[in-house]
């Protein structure tokens with residue numbers, strides 16, 4: 001406890017470096033004009049600065065001021081302030097994030113496939129995608145709230161602009177920059193239950209054409225409970241009492257040795273995380289600059305990611321570093337980024353630990369000609385993962401068993417034609433991959449029309465793809481799952497033998513979208529987005545007939561990664577508004593959607609599963625894995641120059657999680673998990689005794705809605721935190 005308090009104190013002291021000298025670029029609500037509050041500038045919709053009112057795509061954003069006033073405790077929790085995002089907590093500080101839902105598809109699948117792998121998260125346009133199984137490990141982001149200037153979310157297929165994995169959309173975290181000369185320093189700390197400590201600090205300096213910022217952050221959070229839900233017993237138990245679904249005994253390693261302690265070394269801890277960053281920028285001229293950023297993080301969390309045949313939570317550890325170099329020469333923009341490190345995404349379970357490195361290179365050029373503008377570009381991405389140091393690859397105990405690489409090269413072109421009221425945007429990008437060895441074309445067509453200064457309509461048709469991942473492409477794992485009697489008194493161990501496919505078709509999303517924005521009055525804006533999405537080419541573990549290996553004394557249960565015929569059709573609408581009056585602001589938003597699944601495989605087998613009719617059975621159904629309604633509201637009242645009150649709300653309707661055990665064996669249905677609806681109310685009250693210091697109390701989940709939010713993971717409790725924020 002004393003060490004944590006000491007760290008908090010050190011972060012406070014770091015902000016004192018610039019006392020009396022700092023040019024504070026942070027504004028408060030009373031400093032911002034109505035025009036500022038109602039006409040936010042964004043860059044992610046068109047890769048250029050523009051008013052959110054005239055953005056050609058469905059986009060939402062949250063500013064650093066809104067983040068601070070709301071009391072959210074992490075970047076991922078801040079996403080609950082943006083329309084169109086489904087954000088569910090699995091343990092204290094650890095979340096699942098899905099753009100417009102589309103989660104838990106296909107049904108009866110493993111938890112790792114239920115995680116969001118179709119959205120691209122970026123930091124200043126630098127992808128932070130994880131290629132092991134696809135998606136984002138949020139705890140591994142080196143930046144935290146103190147580094148954020150703004151978060152922008154493009155809802156809907158965006159691969160034509162940002163490349164593979166932006167299939168469902170893009171979340172772009174834009175970091176702070178110093179905009180005034182002199183010293184810069186900020187620090188924010190807060191602490192509360194359950195043993196939660198959060199701190200961020202930044203110091204920087206701007207002189208002449210050069211500026212830099214150095215930042216650090218940490219989070220230490222306990223779980224809200226210490227037991228784990230056990231699939232086999234359908235109740236919560238301690239880690240050392242967990243019974244695996246197959247073979248029915250305790251959790252074991254690859255050699256059948258019990259290892260619950262290795263898998264869960266600290267059952268009470270939800271998160272330990274620390275990160276650091278440095279941002280350097282040199283302005284060559286008004287239109288040219290060179291920038292360098294680097295940093296790293298170390299983290300340990302407990303969250304839902306892998307299916308261990310026993311319980312939804314796993315322990316994950318990660319240690320990563322990055323370097324990001326940028327060069328802008330007039331109309332030419334180039335980025336070269338490199339990330340590397342070690343991750344163990346299911347500690348104690350065999351095959352999940354690896355070293356990795358990723359390389360991203362992008363160069364683009366802006367061409368302007370009268371009413372036309374063009375942005376051609378070239379990019380290259382490479383991801384190499386290696387588990388040979390951590391698994392017996394000769395016996396197939398790793399998932400990829402060696403060093404494997406995924407690469408893609410691409411050319412792209414974005415074009416815009418703009419008249420006084422009409423704007424037409426088109427984009428196309430062609431990606432080639434080493435696996436699968438073919439080219440895929442993403443494209444986007446987005447016309448918009450500004451009827452007047454108060455009314456704006458837009459349309460969008462896009463096709464996007466999710467890129468390949470290591471799990472699907474290179475999987476060659478052999479996992480002990482039980483034993484079976486082959487003769488009286490003779491038992492052979494059973495191994496699930498999984499084989500990936502280097503020629504899988506890439507998952508694709510086709511998006512049809514209409515949008516309308518209106519400035520009802522100068523201080524009241526509304527937005528409506530109507531969307532239809534078609535998703536196909538899902539991948540799935542498909543079972544094959546068992547094989548008895550008499551020579552080696554074991555039974556193989558072959559499973560292959562295959563594309564399945566299932567299609568997902570989603571229809572929905574997102575409504576949002578923004579009202580500002582004097583010192584009061586309210587931003588409500590809601591998404592209403594329905595999802596249909598077509599041609600869903602009924603059995604986890606590619607052979608004739610219906611023994612009577614000798615056919616492979618599929619069915620159509622309404623998908624219950626995404627809530628039909630989710631949304632929230634942001635409400636702020638600047639009581640006086642010294643007092644501010646903020647209330648945020650977040651809601652999702654009930655939904656179901658259907659994990660693989662529901663169809664894994666005959667007469668088993670305990671994989672169906674009903675997740676109840678939830679209304680979360682949060683409040684933050686702040687007081688500024690002096691201009692540079694703000695003290696606050698922060699209440700999260702004020703109504704104490706304790707139900708779990710995903711797949712029998714941890715309950716959520718009411719959290720009470722106190723803290724302070726310094727700005728010099």
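Data for the structure
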item: Per-peptide average of other Cβ atoms within 10 Å, ordering 525-537, 225-237 highest first; result: 525-537, 225-237
item: Paramagnetic label zone (point 7 Å from Cα along Cα-to-C-beta, residue 584; backbone N under 16 Å) in the stretch 517-542; result: 523-525
item: Between helix 2-14 and the chain: long-axis angle, C-alpha atoms, 0 to 90°, nearest 10; result: 30
item: Ranked 138, 332, criterion: other C-beta atoms within 10 Å, fewest first; result: 332, 138
item: Mean Cβ count within 10 Å, highest first, over the residues of peptides 163-169, 324-330; result: 163-169, 324-330
item: Cα centroid separation, the stretch 34-96 to the stretch 275-337 (Å); result: 19
item: Gain in span if fully extended, residue 287 to residue 503, counting 0.36 nm per residue against the direct Cα distance; result: 73.3 nm
item: Cα centroid separation, the stretch 357-374 to the stretch 425-457 (Å); result: 14
item: Relative contact order (percent, whole number), the stretch 340-474, Cα cutoff 8 Å, 6+ residue spacing; result: 17
item: Length added when fully stretched, residue 439-residue 257, from 0.36 nm per residue minus Cα-Cα; result: 60.9 nm
item: Three-way shape call for the stretch 528-590 based on the alpha-carbon gyration tensor, with the a/c threshold at 1.5; result: prolate
item: Protection-proxy order for peptides 295-305, 390-400, each taking the mean of Cβ atoms within 10 Å per residue, highest first; result: 295-305, 390-400
item: Relative contact order [Cα under 8 Å, 6+ residues apart], the stretch 421-536, whole percent; result: 23
item: Approximate spin-label separation residue 405-residue 567, in nm, with each point projected 7 Å along Cα-to-Cβ; result: 3.8
item: Cα centroid of the stretch 670-728 to Cα centroid of the stretch 508-584, whole Å; result: 27
item: Residues in the stretch 474-494 that a label on residue 549 would reach, taking backbone N under 12 Å of a point 7 Å out along Cα→Cβ; result: 477-480, 493-494
item: The chain - mean residue ellipticity at 222 nm from DSSP helices (-39,500 (n - 2.57) per run, n ≥ 4, rounded to 500); result: -1500 deg cm²/dmol
item: Residue exposure sequence - 77, 65 - by fewest surrounding Cβ within 10 Å; result: 65, 77
item: Taking 286, 66 and counting other C-beta atoms within 10 Å, the order from fewest to most; result: 286, 66
item: Percentage relative contact order, the chain, counting C-alpha pairs under 8 Å, at least six apart; result: 13
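Laboratory data are not the source of any read-out in this text; all were calculated from the coordinates shown. Please read all numbers here as calculations on a predicted model, not as lab measurements. Note that we place each Cβ from the backbone using ideal geometry, even for glycine, and neighbour counts take in every protein chain shown.
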